[in-house]
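Visitor: Handing you this structure, nothing more for now.
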Amino acid sequence: MKLPKFKSKVFLAPMAGITDPAFRLLCQEYGAALTTTELTSIHAVTAREKDLKEFIQFSKKESPKAIQLFGSDTKLLKKAAQLVEPFFDIIDYNMGCPSPTITKNMAGAALLQKPELTENILKTLVNSVKKPITLKMRAGVNEKNKHLFIKIAKIAEKTGVSMLTLHPRTIKQGYSGTSDWSLIKELKQSINLPIVGNGDITTPEKAKEMLEQTDCDYIMIGRAAQGNPFIFKQINNYLKTGKYKTYPNKDKLKAFSKYLKYTKGFNIKFSAIKTHAMNFTKGSVGGKTLREKITKTKNIKELKTILRLP
């Protein structure tokens, strides 16, 4: 299935508790070419069929956008995919989450060890909808089998998946250590699909390094975007001109104020909004004291007062 046309090579990674619809809109405004929802259970999607738009929040302004699903029950997967298809440009399937709460249910990165089940899952997705199916995965379970992704990638190509994202760490690594970018290059050389590189891209310079070292087609930014949506604009400018602007803390507060404005159209938990406030104030003068005050706030009005926002 044909992918949407992307305006740049830089995507926003799906992150639990972070990539709410207001933050996704903000990141697209600053240059993210594709945004993806938080990890979403197929069980939850099918259970919330009657109020799906309230459960999975998005804006018509967010385009192109993807939803990331997880779960290995193929009957529920088919139904969930068909329910969300009208609202998203891409359906992404998660085989990258290392969290024990996900992997213990034979979902997320645990599926790297189950090629036959994975093939059935991907066939189900590709045959159930007309939107492109993409796959995000980890390298393997541990150092000894960190090449499990190669077999899975070939299955994905055979079944009709449109694009692959690799985070080249193992389940055991979690988010510790460093990601092995050479595995992304191996993946690119192994199959004939667009490849998205993900992991340890913290600066525009690192973004360019990954593209050059791995020959991947796109890159995905996760943790480096938290509290810093400017990174998309910086990377895009650096790739085009070799230069980029730096943004002082006052600009970060302005961006957070814009994020707050965007939250008004959605039902976002205040705890998630406070998490963003903590991220946006990192590195600021007196940031530690400020964040201590943020934790005690009970509503947006109190938060604005502490941050001296209009």
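None of the figures in this text is laboratory data; all of them are computed from the coordinates on show. Model, not experiment: these values are computed from the prediction. So basically every Cβ, Gly included, is an ideal-geometry build from the backbone, and we count neighbours across all protein chains shown.
Visitor: Using θ = phi - 60° and the Karplus relation 6.51 cos²θ - 1.76 cosθ + 1.60, list the HN-Hα couplings for the stretch 192-199 in order, rounded to whole Hz, with x at every Gly or Pro.
Guide: Values per residue, Gly and Pro as x: 10, 9, x, 10, 10, x, 9, x Hz.
Visitor: Provide the FRET efficiency to the nearest 0.05 for the residue 101-residue 15 pair, computing r from the beta carbons and using R0 = 22 Å.
Guide: The formula returns an efficiency of 0.90 here.
Visitor: Taking H placed 1.01 Å from N in the peptide plane, check which residues at least 5 places from residue 65 or on another chain put their amide H under 5 Å from its amide H.
Guide: Distant-sequence amide H within range of residue 65: 89, 90.
Visitor: Please list, or write none, the aspartates and glutamates whose alpha carbon is within less than 16 Å of the alpha carbon of residue 243, excluding same-chain residues fewer than 8 places away.
Guide: Leaving aside aspartates and glutamates fewer than 8 places away in the same chain, those within reach of residue 243 are 205, 209.
Visitor: Taking R0 as 25 Å, what FRET efficiency do you get between residue 50 and residue 75 from their Cβ-Cβ distance, rounded to the nearest 0.05?
Guide: So, using R0 = 25 Å, E works out to roughly 0.85.
Visitor: Please list 286-298, 100-112 highest first by mean number of surrounding beta-carbon atoms within 10 Å per residue.
Guide: Descending mean neighbour count gives 100-112, 286-298.
Visitor: Quick one: which residues, 5 or more positions from residue 165 or on another chain, have an amide H under 5 Å from its amide H? H modelled 1.01 Å from N in the peptide plane, none for Pro or chain starts.
Guide: Correct list: 135, 136, 137, 196.
Visitor: Check the straight Cα-Cα distances from residue 269 and name the lysines below 20 Å, setting aside those fewer than 8 residues away within the same chain.
Guide: Here the lysines satisfying the reach criterion relative to residue 269 are 53, 258, 261, 293, 296, 298, 301, 304.
Visitor: Tell me, what is the FRET efficiency for residue 189 and residue 305 to the nearest 0.05, using R0 = 51 angstrom and their Cβ-Cβ distance as r?
Guide: With R0 = 51 Å, the Cβ-Cβ based efficiency is 0.40.
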